[in-house]
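**Student:** First the structure, which I've put down as structure tokens, then a few questions once you've had a look.
The values are calculated or read from the model by the stated rules, or taken from the named source; none is laboratory data. Note that the coordinates shown come from a computational prediction; the quantities given were computed from them, not determined experimentally. When we count neighbours, we look across all protein chains shown, and the Cβ atoms used for this are built from the backbone with ideal geometry, even at glycine. Ligands, DNA and RNA are excluded from the accessible area calculation, which covers all protein heavy atoms including side chains. Shrake-Rupley method; radii C 1.70, N 1.55, O 1.52, S 1.80 Å.
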Amino acid sequence: MSDYFAQTIERNKSDEEKKAIAQSRILTTFLVGLFVFGPAANWWYSTMFKLWPSTTLLPTLIKAFLGQILFGPAFTTIFFAAGMIQSGTFSFMRWINKIKNDLPKVAASGAGFWMPLYLDYLFINGVKP
């Protein structure tokens, strides 16, 4: 569903002729989520909660920070590759260039979105140091 909405937003921003929704892109996103992100996220969160089982302030911030600097960027690079393969534009050098050019912006956007949610979670649940 997320890619359908992303494509709809992209179409509404464009002044060019409206492109059809790319069903293959939606399928690619779904499959990457099901077979890559789901298992990877399950492993990641299981590992984080084994290493830092507490939900107090410091362990929660550690888990959030590591997710932003390790898991998020690692998965984003896989997602970049999947998108490029789906669109027929993948080559190793193009992928490396996309990572160099786009990953910092995507990571900053992710941090701007997720970190406030973590802080909100801490506030709502009354996490104490």
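**Student:** Would you mind getting the accessible area per residue of the chain, heavy atoms of the protein chains only, 1.4 Å probe, in Å²?
**Tutor:** Here the residues of the chain average 71 Å² of exposed surface.
**Student:** Identify which of 81, 41, 20 has the largest mean-square fluctuation in a Gaussian network model of the chain, with springs joining Cα atoms closer than 10 Å.
**Tutor:** Largest GNM mean-square fluctuation: 20.
**Student:** Then there is this: How large is the accessible surface of residue 27 in square angstrom, using a 1.4 angstrom probe and rounding to the nearest 10?
**Tutor:** Looks like 100 Å² after rounding.
**Student:** For log10 I(q)/I(0) by the Debye sum over Cα atoms at q = 0.12, 0.17, 0.18, 0.20 Å⁻¹, one of (1) -0.38, -0.81, -0.93, -1.19; (2) -0.43, -0.82, -0.90, -1.08; (3) -0.60, -1.05, -1.13, -1.27 was computed from the structure I shared and the rest are decoys. Which label?
**Tutor:** Working out log10 I(q)/I(0) by the Debye sum over Cα atoms at q = 0.12, 0.17, 0.18, 0.20 Å⁻¹ from the coordinates points to (3).
**Student:** Also, I was wondering about something else. For region 34-80, take the convex hull of the Cα atoms, compute a quarter of its surface area, and give me that in nm², please.
**Tutor:** Directional mean of the projected Cα hull area for region 34-80 stands at 3.2 nm².
**Student:** Excluding same-chain residues fewer than 8 positions from residue 13, which lysines have a Cα within less than 29 Å of its Cα?
**Tutor:** Hits, sequence-local ones excluded: 98, 100, 105.
**Student:** Kindly point out which whole DSSP H helices in the chain project their C-alpha atoms 15 angstrom or further along the helix axis while averaging a Kyte-Doolittle hydropathy of 1.0 or above.
**Tutor:** Once both thresholds are applied, what remains is 72-87.
**Student:** Considering only DSSP states other than H, G, I, E and B, which trypsin sites (Lys or Arg not before Pro) in region 1-65 qualify as loop sites with at most 16 other Cβ atoms within 10 Å?
**Tutor:** Here the sparse-neighbourhood loop sites are 18, 19.
**Student:** Using only helices, what value at 222 nm comes out for the chain when you add -39,500 (n - 2.57) per DSSP H run of length 4 or more and divide by the total residues, to the nearest 500 deg cm²/dmol?
**Tutor:** -24500 deg cm²/dmol
**Student:** With the full set of protein chains in place, find how many percent of the accessible area of the chain is carbon and sulfur; take the probe as 1.4 Å.
**Tutor:** Here it works out to 69 percent.
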